[in-house]
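Written out below as structure tokens is the structure these notes cover.
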Amino acid sequence: MRIGELSANQDIKSLGGELHRLVEDWFPICRSITGEGLREQLRRIGAAIPVTMHEVPSGTQLFDWTTPKEWNIRDAYVMDEAGNRVVDFQAHNLHVLGYSVPIKRAMSLEELKQHCFTLPDHADWIPYRTSYYKEQWGFCLTQRQLDTLPDGTYEVCIDSRLADGALTYGECVIPGAEEAEFLISAHACHPSLANDNLSALAVATRIASALQRVARRYTYRFLFAPGAIGAIAWLARNEDVARRIRHGLILACLGDSGPSSYKRSRRGNSAIDACATYVLEQSGHPHEIMDFTPYGYDERQYCSPGFNLPVGCFMRTPPGRYAEYHSSADNLEFVKPAALADSFVKLARIIEVIENDGVYRNLNPKCEPQLGKRGLYTAIGGRTDTKALEMAMLWVLNFSDGDHSLLDIARRSRLDFGNLRAAADALLDARLLEPAPAPDSTGSQERRN
Ligand code: ZN
């Protein structure tokens with residue numbers, strides 16, 4: 001993969017529109033951590049890229065967890081005495097507490113209220129609430145809706161089914177020249193919420209589609225799974241594959257208009273940490289780099305001490321830091337085409353840099369080699385950026401001591417990574433450099449030569 005092959009020449013407007021249309025298309029599906037909604041989502045992704053669906057039967061032990069029962073829902077409502085649906089699942093799938101057990105009976109407003117969830121500070125928004133591991137039922141509604149319900153008797157119906165079935169996740173594996181893998185993981189379990197996490201499902205799908213069309217060094221594995229239990233299920237069933245993960249990113253909340261952010265892996269010094277930091281710094285846009293914490297998305301699982309994988313989290317505004325988070329206000333208007341396209345381009349750059357990184361050894365380390373007699377000052381002449389390439393050669397020669405990767409040199413020099421890659425290629429051709437084993441802690445990492 002060449003630098004720029006994924007990220008450059010994107011028509012940002014049409015890319016943003018394309019990504020937003022995917023989010024719109026998928027928005028109405030009632031996803032959950034199991035069930036037909038989740039399967040439908042994976043099938044829709046599968047229409048764009050090859051997705052293998054895996055089913056983990058209910059009751060399967062997954063480390064300290066057990067695969068939950070499968071939940072499906074057809075309908076739900078609260079009906080007043082006049083026969084009006086005053087709360088209606090058909091109007092918005094957030095109206096039902098996720099994983100609600102079935103119920104159908106009449107009750108007083110007072111009793112109903114004990115099963116109602118609202119957001120008093122945002123009286124027109126429906127909250128997103130679930131109860132996966134405690135069997136109960138409930139409705140989520142706007143505070144304004146609740147306030148207008150008169151005393152009386154209400155018919156409450158949740159036509160759901162909680163029974164033995166399976167937990168589903170989808171994988172798309174795009175083989176590369178190396179067995180070493182780059183994992184891209186996004187949770188697929190939220191119902192009608194756009195930023196969290198249809199934005200990331202759309203960006204991941206589009207990047208997987210683009211990766212299929214370019215030569216790849218790494219094998220890319222895309223995982224679309226329910227949050228937490230899906231990542232736990234995948235790790236429990238793929239410990240051998242997990243050992244091949246050289247770099248990884250969790251994608252979430254990629255469509256809001258806040259700045260890009262990156263949460264480091266638990267290791268804190270992985271190549272993916274350096275690379276994401278470099279790309280966000282180089283973008284010239286406001287951004288935030290955060291240290292690892294053991295809460296948030298599936299970094300909790302991938303970076304648990306028994307795995308400690310080099311997996312960071314690429315986002316815009318982190319979860320819980322925007323008011324619309326986990327509410328009906330995380331809708332199609334909240335997600336912006338320009339933000340989706342910008343997230344795509346930055347992710348593409350991260351992939352390009354990782355693909356082109358390498359560690360080298362200067363074969364003429366005692367004083368500078370004479371570049372002129374090797375034609376290196378002119379070998380790449382005729383380009384307007386010749387000076388930048390000469391500078392890049394000096395940096396690559398000086399720091400190629402087997403301990404610094406091109407990415408390290410890029411961060412230290414603040415030079416463009418593409419120029420450093422071109423300089424290293426010219427120096428390799430002139431036999432002034434040789435590939436060196438990577439110095440990092442992952443051991444067997446094979447580097448580009
Ligand atoms: Zn969420």
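Figures for the structure shown
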quantity: Residue tally, condition over 16 Å from the mean Cα position of the chain (by Cα) and within 13 Å of the ligand (Cβ to nearest atom), over the range 316-328; calculated: 7
quantity: Residues located in the range 400-436, provided they are of a type in the set (D, E, K, R) and outside any helix (DSSP H, G or I); calculated: Asp401, Asp403, Arg414, Asp416, Arg431, Glu434
quantity: Top-ranked residue in the range 126-153 [being aliphatic (A, V, I, L, M) and over 16 Å from Cys30 (Cα atoms); ranked as nearest to the ligand (Cβ to nearest atom)]; calculated: Leu141
quantity: Qualifying residue in the range 159-180 (condition: in the same structural domain as Ser261 (by TED's automatic domain parsing), buried (at least 24 other Cβ atoms within 10 Å of the Cβ) and either in a loop (DSSP other than H, G, I, E, B) or touching a Cys at 6+ places or on another chain (Cβ under 7 Å) (or both)); calculated: no
quantity: Residue in the range 163-171 that is touching a Lys or Arg at 6+ places or on another chain (Cβ under 9 Å), within 16 Å of the ligand (Cβ to nearest atom) and farther than 21 Å from Ala329 by Cα present; calculated: no
quantity: For Ile33: the one exception among (1) aliphatic (A, V, I, L, M); (2) within 13 Å of Gly230 (Cα to Cα); (3) part of a strand (DSSP E or B); calculated: (3)
quantity: The range 216-249, subset within 16 Å of the ligand (Cβ to nearest atom) and under 22 Å from Glu24 (Cα atoms), residue surrounded by the fewest Cβ atoms within 10 Å (Cβ to Cβ); calculated: Gly227
quantity: Failed condition for Ala91, given (1) in contact (Cβ under 8 Å) with a residue 60 or more places away in the chain; (2) under 19 Å from Phe139 (Cα atoms); (3) aliphatic (A, V, I, L, M); (4) surrounded by fewer than 16 Cβ atoms within 10 Å (Cβ to Cβ); calculated: (1)
quantity: Selected residue (criterion: farthest from the ligand (Cβ to nearest atom)) from residues of the range 191-215 that are assigned to a loop (DSSP other than H, G, I, E, B) and surrounded by fewer than 24 Cβ atoms within 10 Å (Cβ to Cβ); calculated: Ala215
quantity: Subset of the range 231-266 that is charged (D, E, K, R) and in a loop (DSSP other than H, G, I, E, B) - its residue that is nearest to Gly176 (Cα to Cα); calculated: Arg244
quantity: Any hit, the range 329-336, residues being within 16 Å of the ligand (Cβ to nearest atom), part of a loop (DSSP other than H, G, I, E, B), buried (at least 22 other Cβ atoms within 10 Å of the Cβ) and not assigned by TED's automatic domain parsing to the domain that holds His122; calculated: yes
quantity: Test for Gly83: is it surrounded by fewer than 19 Cβ atoms within 10 Å (Cβ to Cβ) and assigned by TED's automatic domain parsing to the domain that holds Tyr133; calculated: yes
quantity: Hits in the range 302-312 - residues which are in contact (Cβ under 8 Å) with a residue 40 or more places away in the chain and loosely packed, with under 15 Cβ neighbours inside 10 Å; calculated: Asn308
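So that you can scan it fast, the table gives a plain yes or no per residue for (1) touching a residue at least 12 places away in the same chain (Cβ under 8 Å); (2) part of a loop (DSSP other than H, G, I, E, B):
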position	(1), (2)
Gly268	yes, yes
Ile272	yes, no
Ala276	yes, no
Ile289	yes, no
Tyr295	no, yes
Arg300	yes, no
Phe314	yes, no
Pro319	yes, yes
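The values are calculated or read from the model by the stated rules, or taken from the named source; none is laboratory data. Everything numeric here is computed off the predicted structure, so don't read it as measured data. A quick note on method: Cβ atoms are made from the backbone with ideal geometry, for glycine too, and the neighbour counts reach across all protein chains shown.
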